[in-house]
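Presented below is the structure to which this report refers.
The values are calculated or read from the model by the stated rules, or taken from the named source; none is laboratory data. Note that the structure is predicted; figures quoted are calculated from it, not measured. Here the Cβ positions follow ideal geometry from the backbone for every residue, glycine too, while neighbour counts run over all protein chains shown.
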Amino acid sequence: MDENIRILGRQIISRGFGLLEKVSIDRRRFDKGRQTYSRELYDTGDGAAILLYDPSRSTVILVRQFRLPAFLADNRESLIEVCAGKLEGDDPDVCIVKEVAEETGFTIKNPQRLFEAYSSPGSFAEKLTFFAAPYSAQDRTGKGGGLDHEAEDIEVLELTLDDALAMIETGEIVDAKTILLLQYAKMKGLMKGE
């Protein structure tokens, strides 16, 4: 075991949609002193997120869906987000192709893996793998909307990148993974003529 960090105990608080656990640790501080404390950790599993973009028309595909935490905190009836989903044992590259078909109705090939990031590492274990993939109208092979047995009710939106970026400024888009991928698209010039 690492001498700098020792796990003193783990207690499961709840098992439901995810695992809520209280973890007690002893760790060597950066100033070489020792520190003992407990934190709650929520683990719903890792996930994948993708920005679908059409460079010829400068458009992106986003989804709108109900999110309970946003409703309880801000009374928001829905959030606008990029397509995303839990890995549930799949490789991120396999998961994201499946999620795109289920949520948006588009069939994509060879999504480009961009980077990985923890969403909120102070208390959440989730690590997301981020992707981008081009799409065109011909790639729409289904209706999308999510899966009923997963209680999904998803509206598919097609917006220009500029409109989506403006929605960040107005507070209409407040989802971190979506903001990251939209800013990535702008920064990397994914659209034609940028």
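Among the residues of region 153-173, those that are crowded, with 16+ Cβ neighbours inside 10 Å and either part of a loop (DSSP other than H, G, I, E, B) or on the phi > 0 side of the Ramachandran plot (or both) comprise 154, 173.
Number of residues in region 12-58 that are surrounded by fewer than 13 Cβ atoms within 10 Å (Cβ to Cβ) and closer than 30 Å to residue 161 by Cβ: the value is 1. Is there a residue being in a loop (DSSP other than H, G, I, E, B), within 21 Å of residue 127 (Cβ to Cβ) and polar (S, T, N, Q) anywhere in region 29-46? Within region 29-46, one or more residues are in a loop (DSSP other than H, G, I, E, B), within 21 Å of residue 127 (Cβ to Cβ) and polar (S, T, N, Q). Taking into account only those residues within region 105-138 that are at pLDDT 95 or above and of a type in the set (S, T, N, Q), which is surrounded by the most Cβ atoms within 10 Å (Cβ to Cβ)? My answer is 129. Of the numbered criteria (1) surrounded by fewer than 17 Cβ atoms within 10 Å (Cβ to Cβ); (2) not assigned by TED's automatic domain parsing to the domain that holds residue 163, the one residue 64 fails is (2). The one condition from (1) β-branched (Val, Ile, Thr); (2) modelled with pLDDT of 95 or more; (3) over 18 Å from the mean Cα position of the chain (by Cα) that residue 141 does not meet is (2).
Among the residues of region 174-194, those identified as assigned to a helix (DSSP H, G or I) and of a type in the set (Gly, Ala, Ser) are 176, 185.
Here residue 32 fulfils each of the conditions (1) modelled with pLDDT of 95 or more; (2) out of contact with any Asp or Glu (no Cβ under 6 Å at 6 or more places or on another chain) apart from (1).
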